[in-house]
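Step one of this worksheet: look at the structure below.
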Amino acid sequence: MTSRWLLWLPLVLFAGLAAFFIGGLVQPDDRMIESKLVGKPLPQFTLPQGASDRPPLASTDFSKGAPRMLNIFASWCVPCAAEAPQLEALAKAGVPIDGIAIRDARADVDGFLTRNGNPYGHIGLDARSEVQIALGSSGVPETFIIDGKGRIVHQHIGEIRADDVPKLIAMWKDAR
Amino acid sequence: MIAELGLGALWLAAAFAALQLLLAGLGLAQQRDDLLLGVRPVAVAQAALCAVAFICLILLFLRSDMSVLLVATNSHSAKPWLYKFAGTWGNHEGSMLLWVTVMGVAGAGVALLERTLKRNTHMATLGAQAAISLGFYAFLLFSSNPFARLNPAAPDGQGLNPLLQDPGLAFHPPTLYLGYVGLSVAFSFAVGALLTRTVDAAFARAMRPWVLGAWVLLTIGIVAGSYWAYYELGWGGWWFWDPVENASLMPWLAATALLHSVTVLATRDALRAWTVMLAVIAFSMSMVGTFLVRSGILTSVHAFAVDPERGSFILVLLLIYIGGALALFGLRVGTVREGKQFELMSRETLLVVNNLLLTVILGIVLLGTLYPLMTEAFGHKVSVGPPYFNRIAGPLALILMLAMVAGPIMRWRRDKVGAVAGRMLWPALVMLAIVATLAVVGWGRIGILPFLGLVVAGGVAIGSLIPLTKRNLRRTPLFVYGMVLAHLGCAVSIAGMAADSAFTTEKLVAMQPGDTAQAAGWTLHFDKVAPIAGDNWTAMQGDLTVRHGDGGRTTLHPQNRFFFDPPTATTESAILTRWNGQLYVVMGDELDDGRWQMRIWWKPFVTLIWLGGFMIAAGGALALVGRERRGWLMKWRRTHAEEFA
């Protein structure tokens, strides 16, 4: 045999591969994809009315001086129902929240709000996820904090849990 | 009671696996025949016990026993029985139990059927097989017990992912698993041969049927999976380079290489070390694939129960078995004598080219699959899409196809350049003719890869038939027909892929009942849309009358389905198959104005992709039967020659 060490090459390569696997497993489980738009202005959009008793939503609603929250939800989304009490809590604390219903129908949204409560000011209907994609959001639910000048300051991915509420309120206050 | 019986059988099976390892190990180390005598019966008993455990789990699913955690989380009493049955392995624990069961049965097969291998190698192989099984038993019993009880019992189950409620699911994963496990047998053979230093032609002949069988099943599994994704996902594509698809493709690539190199070893006694290496790689890829899918370190459209703890467990098994086998390879392969030599102009050379190309493609797929993981280690998130795979693996696959034209018409050991050139005449002419035809018909309209794909497919089609010329067809061995069929299948499949990407017409329209749409000579009339209910779903179903030109009318029924439990919406595509292609219609969501989104494809000759795939599998099966029958015939002749001597 010309080069005996060559026989160990497969093992060395495998060790390298295994190191990556271990690295992948040890790393904190973080499969959130943060929007590239955090820190940037909200993209322009105008959405039709998403619920019968709420006005429709446009990007201009967010540049009126006061910071607001933008919640992306859907009537077919189970975690969205789970985060409803937390949204109620935020609304009670004085945070104005607007919603975008993703791939939804107005009648379904109405039913969802009747069942789970309605913390929203404006609700827009994004039937084909176009605004959602423009926002850099990769799933439902997601919540954005937008300062009074229409700039995105924070993105919360996944449902809001009870211990997230104080943090979000603090961030909303900082955005003023 | 059934659950406890199953669990008991599983523990006993694990104990028998340990015993099998102990008997083989001690027996070989101390050269004690009395210990080795016990290995085969123990292997059979282990398989039987494991099968009992698996049957128990099937019974629990069929009876919808909601006091068993696994059944409650993965099944539902309203499901049709076929999906209850298939649900047994449509989850992590059940699929792992299926894995060890198949592995045990394969081990019993090796114990009972293998007669030609030297006894020590045979025993070492069974020992290695037991060692692998033992790891999976430990995994099942300590971290994924399929028989765990739920107290109090659930009123009803949580259902099964609706995408998986399809007849395809009933047979797709088990087929792949059978393939993976067949590769584990090849792996055990390689380890056994390394341990006893007997890497030779006899070893290759003993291993070959397992490699062939595994390869046939993997081929069927991948082809069926591809068709399932094609009609179920409703995206019109047939391969998405998704990590889970790659996880099944990588072992297949390694097995294809192994299949060819094991033939060189069996026929010409060359490529000894390389064949052993490939046997290790092939099973390693099965395990790496399982690890990637189950650990959840890669995200995929395939939703499996993801659990880092289980990922760690599989990783440990991976380190022990693959690391151990590769270390053994480093230690022992130097003592394996070099095999026979061959000249540059020979079939062996072409098979080496085949092996190298397949290995490089395997490396590319592995790199593409793992790249997101690697960059994530450095803080970036990326995903690797189909363009990377198509652009890099595509050209290599085409070169591989060219080698496939030349390989079978070359002679073993040495050949003459002039003679080979003469035999290449017809394939070369056909390829030139296709180039000329395509140049006239669609220059500039067809992408370069589909263009070359069609050309090479023609060459392979002719080239694959050449081994049948100038020989007595009735006396040609069956396995030659197998090779011809498999290679022809490659040509057919490549032609289908190329035709699909070169000539597909796609149309996205919004229609309301009464509207008519046109696509590629087809007229689609949207008659009505109406609700329809199934066992555990409701759907909006569209009725479309379609006709091609002035041909006969047919009605298509695409659906937009909603499953209750768990609540999920899916689209059911409607597919009309004609001899020259498929009309593929997907009904999307209803728009605000009462119109419906319709996605219409006309895909010329797309069915060739799967037809070719099944031809490849059938060719492999023919070769397997042919080889085995020849083995029996030769043995029969030998024994009878002794009788008359």
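Worth pointing out:
- When we screen B:509, B:529, B:484, B:480 for residues that are in contact with a Pro (Cβ under 8 Å, 6 or more places away or on another chain) and surrounded by fewer than 19 Cβ atoms within 10 Å (Cβ to Cβ), the only hit is B:480.
- Residue selected from region B:254-298 under the condition within 11 Å of chain A (Cβ to nearest Cβ), outside any helix (DSSP H, G or I) and touching a residue at least 60 places away in the same chain (Cβ under 8 Å), by the criterion surrounded by the fewest Cβ atoms within 10 Å (Cβ to Cβ): B:298
- Residue match in region A:118-127 (condition: surrounded by fewer than 22 Cβ atoms within 10 Å (Cβ to Cβ) and within 14 Å of chain B (Cβ to nearest Cβ)): yes
- Residue count for region B:26-40, restricted to those that are surrounded by fewer than 18 Cβ atoms within 10 Å (Cβ to Cβ) and in contact (Cβ under 8 Å) with a residue 12 or more places away in the chain: 1.
- Considered as a group, the residues in region A:21-46 that are within 14 Å of another protein chain (Cβ to nearest Cβ) and more than 18 Å from the chain's Cα centre (by Cα) include one that is modelled with the lowest pLDDT, and that residue is A:28.
- Checking each residue in region B:319-339 for being more than 7 Å from chain A (Cβ to nearest Cβ) and modelled with pLDDT of 80 or more picks out B:320, B:321, B:324, B:325, B:328, B:331, B:332.
- The requirement of being within 14 Å of chain A (Cβ to nearest Cβ), more than 21 Å from residue A:11 (Cα to Cα) and among the charged types (D, E, K, R) is not satisfied by residue B:343.
- Test: residue in region B:478-491 that is in contact with a Leu (Cβ under 8 Å, 6 or more places away or on another chain) and under 21 Å from residue B:588 (Cα atoms): no
- Residue B:520 being among the hydrophobic types (A, V, I, L, M, F, W, C), surrounded by 13 or more Cβ atoms within 10 Å (Cβ to Cβ) and under 28 Å from the mean Cα position of the chain (by Cα): no
- Residue check for residue A:168: buried (at least 23 other Cβ atoms within 10 Å of the Cβ) and farther than 25 Å from residue B:590 by Cα: no
- Residue list for region A:136-149, restricted to those being in a loop (DSSP other than H, G, I, E, B) and surrounded by 18 or more Cβ atoms within 10 Å (Cβ to Cβ): A:136, A:137, A:140, A:141, A:147
- Positions within region B:462-476 being among the aliphatic types (A, V, I, L, M) and within 12 Å of residue B:408 (Cα to Cα), in sequence order: B:462, B:465, B:466, B:468
- When residue A:65 is tested against (1) within 14 Å of chain B (Cβ to nearest Cβ); (2) modelled with pLDDT under 85, just one condition goes unmet, and that condition is (1).
- Test: residue in region A:78-92 that is out of contact with any strand residue (DSSP E or B) (no Cβ under 7 Å at 6 or more places or on another chain), at pLDDT below 90 and in a loop (DSSP other than H, G, I, E, B): no
- Within region B:436-459, the residues that satisfy the criterion of being loosely packed, with under 15 Cβ neighbours inside 10 Å and within 20 Å of residue B:396 (Cα to Cα) are B:447, B:448.
Yes/no per residue for (1) of a type in the set (Asp, Glu); (2) surrounded by fewer than 22 Cβ atoms within 10 Å (Cβ to Cβ):
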{"position": "A:43", "(1), (2)": "no, yes"}
{"position": "A:53", "(1), (2)": "yes, yes"}
{"position": "A:72", "(1), (2)": "no, no"}
{"position": "A:83", "(1), (2)": "yes, no"}
{"position": "A:106", "(1), (2)": "no, yes"}
{"position": "A:109", "(1), (2)": "no, no"}
{"position": "A:113", "(1), (2)": "no, no"}
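- Condition check for residue B:354: within 24 Å of residue B:186 (Cβ to Cβ) and of a type outside the set (Val, Ile, Thr): yes
- Of all residues in region A:55-70 being touching a Leu at 6+ places or on another chain (Cβ under 7 Å) and part of a helix (DSSP H, G or I), the one that is surrounded by the most Cβ atoms within 10 Å (Cβ to Cβ): A:62
Matching residues to (1) among the aromatic types (Phe, Trp, Tyr); (2) surrounded by fewer than 18 Cβ atoms within 10 Å (Cβ to Cβ); (3) over 29 Å from residue B:247 (Cβ atoms); (4) out of contact with any strand residue (DSSP E or B) (no Cβ under 8 Å at 6 or more places or on another chain):
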residue	(1), (2), (3), (4)
B:317	no, no, no, yes
B:321	yes, no, no, yes
B:326	no, no, no, yes
B:331	no, yes, yes, yes
B:334	no, yes, yes, yes
B:340	no, yes, yes, yes
B:348	no, no, yes, yes
B:357	no, no, no, yes
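- Subset of region A:153-172 (residues that are closer than 15 Å to residue A:66 by Cβ and either touching a Lys or Arg at 6+ places or on another chain (Cβ under 9 Å) or free of Cβ contacts under 8 Å to residues at least 60 places away in the same chain (or both)): A:171, A:172
- Among strands (runs of 3 or more DSSP E) entirely within region B:545-600, having at least 1 residues that are within 14 Å of chain A (Cβ to nearest Cβ) singles out B:559-563, B:568-572, B:581-590.
- Look at region B:1-18: where a residue is over 14 Å from residue B:149 (Cα atoms), no partner that is outside any helix (DSSP H, G or I) and at pLDDT 95 or above sits 6+ places away or on another chain with Cβ atoms under 8 Å.
The values are calculated or read from the model by the stated rules, or taken from the named source; none is laboratory data. All of these numbers come straight from a predicted model, not from anything done at the bench. Quick reminder, even Gly has a Cβ in these numbers, built from the backbone with ideal geometry, and neighbours come from all protein chains shown.
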